[in-house]
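The values are calculated or read from the model by the stated rules, or taken from the named source; none is laboratory data. In this text the structure is predicted, and so the values were computed from the model without any measurement. No Cβ is skipped: glycine too gets one built from the backbone with ideal geometry, and neighbour counts run over all protein chains shown.
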Amino acid sequence: MKTGVHVFHSKAVWLNTLKPNFKVLPLKDRLLCGLGALIGLALSSFISWLALGDLNAWYIAPMGASSVLLFAVPASPLAQPWNMVVGNSLAALIGVTCAMFIPNLTEAFSIAVALAIILMMTTDSLHPPSGAVAITAVLGGDAVHQLGYSFLFYPVLLNSVLLMLIAIMYNRLLGKQYPQKAQLNTRTAAPTPTQKVTIQPADIQNALEQRTELLDISEYDLQKIILEAQELANARAVNQFTCQDIMTKQVISLRAEDDIQSALDKFKQINLMSLPVVTDLDRLVGTLALYDVVEWFKRAADPKASWEEHVYQIMNPQVVTAQPQQPIQDLVPYFVERSFNYIPVVEHQRLVGIISRADMIAVLNQQLNHLRQQAE
């Protein structure tokens, strides 16, 4: 009996070595990925049918494979719009050419896929379903062969663009960034302040250059994961302060109903660049920066802007806030990477305090001194 259990365990271990080290999403996210593919394929297929209803090949099977990437792993470099459109177009062009000039079908689709891979990797447009596009161009039958190079534009390019546009809208409705932004530091091409004292992009590039295989993760995402891991490690290394420990409770703020001219007078008195905006009972509703007032003055001569008289009409209603019990370590990326001057502390939608950059510098300096004393 023990021998049987041991054999079963050994087989299970062996089978696990064949599985990818892939994160299994919660059921809700898996259902949303499947729903996205369903909506994307149904809509793009229907629109293609409306545009190419009399064409036998109005939709091609490789779009199903593309939908897996676009809706299940939109962060993958292989799923980006450039890869989707350029990869499929190159594969269609090569597939049609091979079908025209190579009589033997096996040779034609084999060469077509091989050349497609080479060209896609050369143009940084690698998209796995494009291999199936190249094969479809060769083995698609008379309906595809009669199209000739028109096959590149319809259905391939039409299907690709439609599915891509639907994927962009669907992923953004779910709050996912698609397509992926290529630069972690949005202000300059230089390393961010956090990267300067930890792992820099050049370090990641040097490490990747030592690897010969192609990784299905962008350098940008790798940087984000490493920085987030570094933040978690740093959080364990220092004592945790909460926002209520360091926040300023006497907050200078503006009222939403204040007129803009009086708001400018307050900016002059306190010499600050931005202030929170509250309504009755100190409910936080936005922030007003000095440059918002400057922009208002620029528009003052425009009759269309004459109705703007109050703070609530020109303030920014999108505010990053913190909770009193929240660790201050959570706020570091906003001050370091995004150059925030302050973050309001809110409880039950009421403004109860504010944490400035100076507050953060003071507490971090205290922690550094503490660590230095421990080292001595």
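Quick notes on this one:
- Pairs with Cβ under 9 Å, 6+ apart, first in region 353-368 and on the phi > 0 side of the Ramachandran plot and not assigned by TED's automatic domain parsing to the domain that holds Ala322, second in a helix (DSSP H, G or I) and surrounded by fewer than 16 Cβ atoms within 10 Å (Cβ to Cβ): none
- Among residues of region 33-57 that are under 20 Å from Thr136 (Cβ atoms) and assigned by TED's automatic domain parsing to the domain that holds Asn159, those with a beta-carbon under 9 Å from a residue that is among the charged types (D, E, K, R) and assigned to a helix (DSSP H, G or I) at least six positions away or on a different chain give the pairs Asn56/Asp142.
- Candidate set: region 68-104, residues that are crowded, with 24+ Cβ neighbours inside 10 Å and under 30 Å from Leu174 (Cα atoms); chosen: the one farthest from the chain's Cα centre (by Cα): Asn88
- The single residue among Ile204, Ile117 that is at pLDDT 95 or above and surrounded by fewer than 20 Cβ atoms within 10 Å (Cβ to Cβ) turns out to be Ile117.
- The residues listed here are Gln269, Gln250, Gln313, Gln261; of these, the one that is assigned to a loop (DSSP other than H, G, I, E, B), surrounded by fewer than 15 Cβ atoms within 10 Å (Cβ to Cβ) and not assigned by TED's automatic domain parsing to the domain that holds Gln200 is Gln250.
- Annotation: of all residues in region 348-376 being assigned to a helix (DSSP H, G or I) and among the β-branched types (Val, Ile, Thr), the one that is surrounded by the most Cβ atoms within 10 Å (Cβ to Cβ) is Val363.
- Every residue from region 48-67 that is surrounded by fewer than 18 Cβ atoms within 10 Å (Cβ to Cβ) and over 15 Å from Val144 (Cα atoms): Trp49, Leu50, Ala51, Gly64, Ala65
- Test for Ala112: is it within 20 Å of Asn83 (Cα to Cα) and touching a Cys at 6+ places or on another chain (Cβ under 6 Å): yes
- Leu126 fulfils the conditions (1) in contact with a helix residue (DSSP H, G or I) (Cβ under 7 Å, 6 or more places away or on another chain); (2) assigned to a helix (DSSP H, G or I) except for a single criterion, (2).
- Scanning region 217-233 for residues that are surrounded by 16 or more Cβ atoms within 10 Å (Cβ to Cβ) and assigned to a loop (DSSP other than H, G, I, E, B) gives a single hit, Ser218.
- Test set (1) at pLDDT below 80; (2) surrounded by 11 or more Cβ atoms within 10 Å (Cβ to Cβ) - Asp282 fails condition number: (1)
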